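Data first, discussion second: the structure below is written as structure tokens.
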Amino acid sequence: MCLYICIVQIRIMETIAISEFRSNLMKVLRAISLGEKINITSRGKVIAKLVPPDDTIVEARKRLSKISKKAVLNNLISPIETKWDILEE
């Protein structure tokens, strides 16, 4: 339950002062790992933006997983009946 409360508190926060960032570093990093984007300010001016990494490998694996659930694999070992023109040259 504590984890849920911490995440809810961080999720509503899009901008955080640098002093709060220092005090809540682990909570902020946890929120970023869950997809949050957070601006860090100093005296009201944004000095940094923290965003989760662009993990293309993870996204590619998710897409591949979705595709593989729909794929139909027949007998991959036996030769096919259809003759290809390129093989007869």
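FYI, it's all coordinate maths here, none of it is from the lab. None of the values given here were measured: they were computed from a predicted structure. Counting neighbours? That spans all protein chains shown, and the Cβs are built from the backbone with ideal geometry, glycine included.
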- Contour excess over end-to-end distance, with Cα ends at Leu25 and Asp85 and 0.36 nm allotted per residue: 15.2 nm
- If every Lys and Arg gets +1 and every Asp and Glu gets -1 at its Cβ, then about the Cα centre the stretch 39-89 yields a dipole, in debye to the nearest 20, of 840
- Residue-ordered couplings for the stretch 28-42, obtained by feeding phi - 60° into the Karplus form 6.51 cos²θ - 1.76 cosθ + 1.60 and rounding to whole Hz (Gly and Pro as x), are 5, 5, 4, 5, 5, 5, 8, x, 6, 10, 10, 8, 9, 10, 9
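Going highest first, how would you order 25-38, 42-55 by mean Cβ packing within 10 Å?
Values: 25-38: 14.5, 42-55: 9.8.
The most tightly packed comes first, giving 25-38, 42-55.
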- Message: Suppose the chain between Thr15 and Val72 were pulled fully straight at 0.36 nm per residue; how much longer would it get relative to their current alpha carbon spacing?
- Response: 15.8 nm
